[in-house]
Amino acid sequence: MTYECPLCGTDFTGAECRPSCPMARGCSMVRCPRCNYEFVESGRFVDMLRRWIRRAPAASCAKGDVVPVADLPVGAAASIAHIATLSAARMSRLASYGIAAGSEVRLLARRPAIVLACGASSIAVDDDVGREIYVRVSQPTA
Amino acid sequence: MSQPAIVLDPDAPTRKLLLVGQPNVGKSLIFTRLTQRYATVSNYPGTTVEITSAMAEIHGELREVVDTPGTNTLAPQSFEERVTRDLLVASTDADVVQVGDIGNLRRTLLLSLQLIEHDIAFTLCLNMSDEPNAPAVRIEALADHLGIPVVAVSALRRWNLEKLKRHAVRPARSAVVVRYAKAVEEAIAFLRAGGMSRADALSALCGGEASPELAAEIAKSRLIVVDEWIAEVMSETRPRGKDRIGALCMHRIWGVPILLAVLYAAWLFVGKFGAGTLVDFVETSIFEAYVNPWATRLVNFVMPLQFLRDLLVGPYGVITMALTYAIAIVLPVVITFFTLFGILEDSGYLPRLAVMLHRTFRRMGLNGKAVLPMVLGLGCDTMATLTTRVLETKKERVIVTILLALGIPCSAQLGVIMAMLGRLGGTATMIWLGVTLLTIFLVGFLASKVLPGENGDFIVELPPMRMPRLSNILIKVLARTEWYLKEAVPLFILGTLVLYFLDLTHLLAVLQRALAPLVVGALGLPAEAANAFVIGFLRRDYGAAGLFAMQRGGALDPKQTIVALTVITLFVPCVANFLVMVRERGKRAALAIAGFITVYAFGIGALLNMVLR
């Protein structure tokens, strides 16, 4: 389990406990190994809610990076570098919509499904499919 | 919910004219323009489920014009694509017209290239050239590059249709040959040594078991050729405007209130206006005031035998029951529903609904594509069961077939249900909706866990949102109403005759007594509600209409109405749906599904009765 300290921002894995603490087992407090700040471990539901409210920001990409199309910021355009699928049928299905290596695509939406504009078509694909479409970033993104 | 197709006669001597193209490029409208016959036209991929054909004179020559299901590729991966490919391969002497969207030239030419590789003589028809964002394409230059006739038309505004007819009967074979990367050419040579044609070898290399690297090479080479053509014939590209409404319709937050607003509008229009105002008017002011009394007087005057009088105007009479139910109760509801459905289809909202609901459906082992047959099921479950063919895997097709038969009421039935709920109010509607939705999710979720098999890919094209055209909606409503009358009225009459003879031979009373422990005991309904369930098997809406009549007559209290509605919603689908289930899924699976549904529907009804009492 990885955590981010809400006080100093340190990323760390595993909750460190003081050996002397009587609640060493089964407590839901997490202590930052850098600043010793203690905070409550959030549950699955809270995590889900937080992810839903604060969407994961798009990864920052430098020009020339090859990233899955799902990692582009919404509205960004890029050209497809390759499609990393093991299924020839999926490859051909995407190609029939013009989605193949060399094509320019623009990410229109990430949720509730990945929506790509390719030429004059808008195509919605599942996350799994979107993760297999790798694009070469033409403009750096924040 | 498309029109019933005209059956193709393979031995017909007339030369065929096949219309092929991607979904949603206007093939069906071109078909209508060429033949003056109606084929369902929608802003909705996959409308043409069955093959529609009609004879027409094309530029002085007789042709059997065939509207094929939309296809994206000639290396078929879905049922519809296979149908179109097989038709193309089988009809070697047919004239072929490829219909494409001029605004989407790249995809159009990708399919043209495959037709060329299959050595098919064809004419390219670039439709939608009237749209404001249609690019400027040098048609003659494109025709020279491809080596085939190319015509830019607008089926909607009837532009250039005569020119299209002239070229359609004089197609040409292109001499273009695409050379692929060395590895692909070697694979083609290997397959050709085994007796395959070049086109079949290419299709095989793009199929399920092939190497994805070779499929990627093929796609890349084709796109390079197509992009070169486009660069030479298209002087300017006009990007399509931002589809803000389309984006809002599938927004993860704003999409929900839009969906609720659509449902509320549907309820107001179909449930309140259609099933309330219109039904009241037709039933009370026309049938009860004029038609039935006049018919009764006339029959009593003309018919000497009581037996025949009862057959026509008795309690189970053809006029007083079958026609009153079909014309006065169900027809107004069906017309309003078809109008609403036509607007939704033509606006392009339905594929966006698929995107909206994709994640929810994924939890049921399905993907958003299953929304389309499920929504079509709200029109007609029988047709929707046929459209499960658009789903890629057997597992998905079986799950959707079960859910359609179990939890999706058809348009006629839904209208009657809405009318009954309209009289009960919000709480009853929420209970009915809650039980039905819970059933769909629960059964879908469990079926996805129990049934073996894989899930298909979710890759769906989103057509631009368009303002529906009144003329198209009117034609669609008329065509579907005609289809409803032709299909439903004979079955309503048959159902009434069955009831009449059961009543005459006192078997109805025996049946009611036999079902009494279930209907009266477990469900807490009056004994005559058994009639509705028996007859509901003939047509779902007929059963619901029987319950509606009971409710209007005061025979059902609100709690009984909720129980009866829930059971008739979940209960076995109509006989036509059952027969299609047998055809599509096999006798054993269909019987198993029907058996499960019967037990489940009455079980839930009994449970609801216990909870509500």
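The values are calculated or read from the model by the stated rules, or taken from the named source; none is laboratory data. All of these numbers come straight from a predicted model, not from anything done at the bench. Because the Cβ atoms are built from the backbone with ideal geometry, glycine has one as well, and the counts that use them run over all protein chains shown. The accessibility values were calculated without ligands, DNA or RNA, using every heavy atom of the protein model including side chains. Shrake-Rupley method; radii C 1.70, N 1.55, O 1.52, S 1.80 Å.
A few points about this structure:
- Among the residues of segment B:328-367, those that are of a type in the set (Val, Ile, Thr) and either surrounded by 24 or more Cβ atoms within 10 Å (Cβ to Cβ) or at pLDDT below 85 (or both) comprise B:ILE329, B:VAL330, B:VAL333, B:VAL334, B:THR336, B:VAL355, B:THR360.
- Any chance B:ASP541 is without any contact (Cβ under 8 Å) to a residue 24 or more places away in the chain and charged (D, E, K, R): no
- Lone qualifier among B:THR569, B:THR561 - being of a type in the set (Ser, Thr, Tyr), out of contact with any Leu (no Cβ under 8 Å at 6 or more places or on another chain) and in a helix (DSSP H, G or I): B:THR569
- Residue in segment B:451-507 that is farthest from B:ASP101 (Cα to Cα), counting only those that are open to solvent by 20 Å² or more (accessible area, probe 1.4 Å) and among the small types (Gly, Ala, Ser): B:GLY453
- Selection from segment B:424-442 of residues that are touching a helix residue (DSSP H, G or I) at 6+ places or on another chain (Cβ under 6 Å) and of a type in the set (A, V, I, L, M): B:LEU424, B:ALA428, B:ILE431, B:VAL435, B:ILE440
- Note on segment A:68-103: residues that are at the interface with another protein chain (Cβ under 9 Å from one of its Cβ atoms), surrounded by fewer than 20 Cβ atoms within 10 Å (Cβ to Cβ) and touching a Pro at 6+ places or on another chain (Cβ under 9 Å) total 3.
- The condition (being within 14 Å of chain A (Cβ to nearest Cβ), touching a residue at least 40 places away in the same chain (Cβ under 8 Å) and open to solvent by less than 30 Å² (accessible area, probe 1.4 Å)) is satisfied by just one residue among B:ALA134, B:ALA181, B:ALA210: B:ALA134.
- Segment A:104-136: number of residues that are farther than 26 Å from B:ILE245 by Cα and either open to solvent by 10 Å² or more (accessible area, probe 1.4 Å) or facing chain B (nearest Cβ under 9 Å) (or both): 5
- Lone qualifier among B:LEU126, B:LEU105 - being under 26 Å from B:ASN24 (Cβ atoms), touching a residue at least 60 places away in the same chain (Cβ under 8 Å) and within 14 Å of chain A (Cβ to nearest Cβ): B:LEU105
- Unmet requirement for B:ILE148, which otherwise passes all of (1) at pLDDT 90 or above; (2) part of a loop (DSSP other than H, G, I, E, B); (3) surrounded by fewer than 24 Cβ atoms within 10 Å (Cβ to Cβ): (3)
- When segment B:161-178 is limited to residues that are at pLDDT 90 or above and touching a Ser or Thr at 6+ places or on another chain (Cβ under 7 Å), the one that is most open to solvent (accessible area, probe 1.4 Å) turns out to be B:HIS167.
- Pairs with Cβ under 8 Å, 6+ apart, first in segment B:259-286 and over 18 Å from B:GLY426 (Cβ atoms), second of a type in the set (Val, Ile, Thr) and exposed (fewer than 15 other Cβ atoms within 10 Å of the Cβ): none
- Between B:THR360, B:THR393, B:THR388, the distinction of being of a type in the set (Ser, Thr, Tyr) and more than 14 Å from chain A (Cβ to nearest Cβ) belongs to B:THR388 only.
- Taken over segment B:60-101, the criterion of being touching an Asp or Glu at 6+ places or on another chain (Cβ under 8 Å) and over 26 Å from B:THR387 (Cα atoms) is satisfied by B:ARG63 alone.
- Restricting B:ASP101, B:ASP86, B:ASP93 to those that are closer than 19 Å to B:ARG222 by Cβ, open to solvent by 10 Å² or more (accessible area, probe 1.4 Å) and among the acidic types (Asp, Glu) reduces the list to B:ASP101.
- Unique residue being at pLDDT 85 or above, within 30 Å of the chain's Cα centre (by Cα) and surrounded by 18 or more Cβ atoms within 10 Å (Cβ to Cβ) when the list is B:LEU323, B:LEU312: B:LEU323
- Filter result for B:LEU372 (under 15 Å from the mean Cα position of the chain (by Cα), within 14 Å of chain A (Cβ to nearest Cβ), open to solvent by 10 Å² or more (accessible area, probe 1.4 Å) and not charged (D, E, K, R)): yes
- Selected residue (criterion: surrounded by the fewest Cβ atoms within 10 Å (Cβ to Cβ)) from residues of segment B:252-283 that are within 14 Å of chain A (Cβ to nearest Cβ) and assigned to a helix (DSSP H, G or I): B:VAL256
- The lone criterion from (1) in a helix (DSSP H, G or I); (2) farther than 30 Å from B:VAL333 by Cα; (3) of a type in the set (S, T, N, Q) left unmet by B:SER235 is number (1).
- For B:THR296, the criteria (1) modelled with pLDDT of 85 or more; (2) open to solvent by less than 20 Å² (accessible area, probe 1.4 Å) hold in every case but one, which is (2).
- Number of the condition not met by B:ILE230 [criteria: (1) more than 9 Å from chain A (Cβ to nearest Cβ); (2) assigned to a helix (DSSP H, G or I); (3) open to solvent by 30 Å² or more (accessible area, probe 1.4 Å)]: (3)
- Index of the failed condition, B:GLU80 passing every other in (1) under 29 Å from A:ALA88 (Cα atoms); (2) more than 14 Å from every other protein chain (Cβ to nearest Cβ): (2)
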